[in-house]
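Only one structure is covered here, and it is reproduced in the block below.
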Amino acid sequence: MSIVTGPTPVSIKPASSTVSLAAATRQRIASIDILRGLVMVLMALDHVRDFFSNALFNPLNLALTSPALFMTRWITHFCAPVFILLAGVSAFLYGTRSRTKTGLARFLLTRGLFLVIVELTLVHFGWFFTFDYHFILAQVIWTIGWSMVALAGLVFFASPGNWVCWDCNDCRPQFVRWYDPEWLRSTGSVMDCDASRRSD
């Protein structure tokens with residue numbers, strides 16, 4: 001007796017044609033990653049010059065420096081402001097995904113305190129190769145950490161009067177409450193993009 005076997009039937013579910021807002025907001029934003037990477041390279045350049053250069057003077061001293069050495073120090077003045085800007089951008093993007101202000105505040109508080117601890121331990125040891133705390137150098141990571149702690153409290157002072165631009169494909173920018181855009185849509189204060197195109 002012969003038995004004929006065939007391929008096991010497989011059920012195929014059609015993929016959804018829509019992507020949820022939560023999944024879309026979790027995608028990486030290339031421009032932010034590129035900017036962060038560029039600034040990290042510039043900061044590394046400054047630190048390498050500090051540890052491995054034989055220049056025992058301030059690179060910004062025009063009487064002693066060379067153009068190349070001057071530029072390696074001058075260009076890094078953009079690093080700290082950009083790092084703090086990107087920290088704020090990241091907090092905003094997380095806020096667009098957080099369902100509650102309490103969840104956003106918890107994230108900012110824990111992340112901020114973590115950065116403060118990192119500054120006082122790992123970063124401190126990286127600079128001085130010791131855990132002697134007679135001298136503490138608190139810099140950018142410390143600043144970002146305490147700024148996030150402050151934002152954790154400021155989140156609860158947000159009101160419907162705090163607006164940011166909500167841009168859509170074909171419509172003029174609309175303004176919505178950044179931490180709860182669905183609430184404002186339910187009030188009819190935000191134009192529905194699809195409805196506006198259908199009415200044209």
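The values are calculated or read from the model by the stated rules, or taken from the named source; none is laboratory data. This is a predicted model, so every value here is computed, not measured. A quick note on method: Cβ atoms are made from the backbone with ideal geometry, for glycine too, and the neighbour counts reach across all protein chains shown.
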Residue list for the range 119-137, filter: hydrophobic (A, V, I, L, M, F, W, C) and surrounded by fewer than 15 Cβ atoms within 10 Å (Cβ to Cβ):
122, 125, 127, 128, 129, 131, 135, 136, 137
Does residue 89 fit the bill of being of a type in the set (Val, Ile, Thr), touching a residue at least 24 places away in the same chain (Cβ under 8 Å) and either closer than 21 Å to residue 41 by Cβ or in contact with a helix residue (DSSP H, G or I) (Cβ under 9 Å, 6 or more places away or on another chain) (or both)?
yes
Testing residue 45 on (1) at pLDDT below 85; (2) outside any loop (DSSP other than H, G, I, E, B); (3) not polar (S, T, N, Q), one condition comes back false. Which one is that?
(1)
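Listed here are the residues, each with its yes/no results for (1) under 23 Å from residue 148 (Cβ atoms); (2) acidic (Asp, Glu).
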| site | (1), (2) |
| --- | --- |
| 45 | no, no |
| 50 | no, yes |
| 74 | no, no |
| 83 | yes, no |
Residue 65 vs. criteria within 26 Å of residue 157 (Cα to Cα), surrounded by 12 or more Cβ atoms within 10 Å (Cβ to Cβ) and hydroxyl-bearing (Ser, Thr, Tyr)
no
Cβ-Cβ below 8 Å, separation at least six or inter-chain, first residue in the range 43-57 and of a type in the set (S, T, N, Q), second part of a helix (DSSP H, G or I) and surrounded by fewer than 12 Cβ atoms within 10 Å (Cβ to Cβ): which pairs?
none
Within the range 54-160, considering only helices (runs of 4 or more DSSP H) that don't extend past its boundaries, which have at least 3 residues that are farther than 21 Å from residue 38 by Cα?
79-97, 101-118, 124-128, 140-154
